[in-house]
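A short worksheet on the structure shown next.
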Amino acid sequence: MRPTVVIVDDHAHFRAAAAALLEAEGFAVVGEAEDADGALDAVARLRPRVVVLDIQLPGRDGFAVAEVLAAGPDPPQVVLISSREAAAYGRRLETVPSRGFIAKRELSGAALAALVA
């Protein structure tokens, strides 16, 4: 069974491209969201195994969303993404409850699988 994924990013074009890429590389993209509230709703409804979560969201950022998801029952595996490099976030990446970080330009099925296997 393919791992289920929800993609959270405020850019529709990126969500579509990421969904196509991950679907082609063995994941089942079951939903998407463009902001924090949409992410929390999608995860509650769809119960994905993995959430690919942009850090730079309007309103609450991906760090805040990851914290809320981790506090819930049976939390998904969160992988943070950004168009910025990891160094831009410093120690915050070390303390947030996530499986890791992937720069958007490096997103692939293999990169995601390496973090959520």
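The values are calculated or read from the model by the stated rules, or taken from the named source; none is laboratory data. Remember, predicted model here, so these are calculated numbers, not experimental data. We place every Cβ from the backbone using ideal geometry, glycine too, and count neighbours over all the protein chains shown. Accessible surface areas use protein heavy atoms only, side chains included; no ligands, DNA or RNA. Shrake-Rupley method; radii C 1.70, N 1.55, O 1.52, S 1.80 Å.
Values for this structure:
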item: Whole-number accessible area per residue in Å² for the chain, which is evaluated in the context of all protein chains at 1.4 Å; result: 50
item: Which label in (1) 15, 45, 28, 12, 1; (2) 15, 54, 30, 1; (3) 13, 47, 33, 8, 0 gives the computed P(r) over Cα pairs in 10 Å bins from 0, in percent; result: (2)
item: The stretch 1-74: GluC sites (Glu not before Pro) in DSSP loop, at most 16 other beta carbons within 10 Å; result: Glu25
item: Helix-only CD estimate at 222 nm, as mean residue ellipticity for the chain, using -39500 (n - 2.57) per DSSP H run (n ≥ 4); result: -11000 deg cm²/dmol
item: Extension gain (nm, one decimal) between Ala70 and Ala44, 0.36 nm per residue minus Cα-Cα; result: 8.1 nm
item: For the stretch 1-107, size of Cβ-based charge dipole, Lys and Arg +1, Asp and Glu -1, in debye; result: 260
item: Within the stretch 29-65, backbone nitrogen closer than 19 Å to the virtual label 7 Å beyond the Cα of Glu106 toward Cβ; result: 51-56, 63
item: Table column - 3J(HN,Hα) (Hz), the stretch 20-37, Karplus curve with 6.51, -1.76, 1.60, x for Gly and Pro; result: 4, 4, 5, 4, 5, 10, x, 9, 10, 7, 9, x, 8, 8, 10, 8, 4, 4
item: Heavy-atom accessible surface of the chain: percent carbon and sulfur, 1.4 Å; result: 54
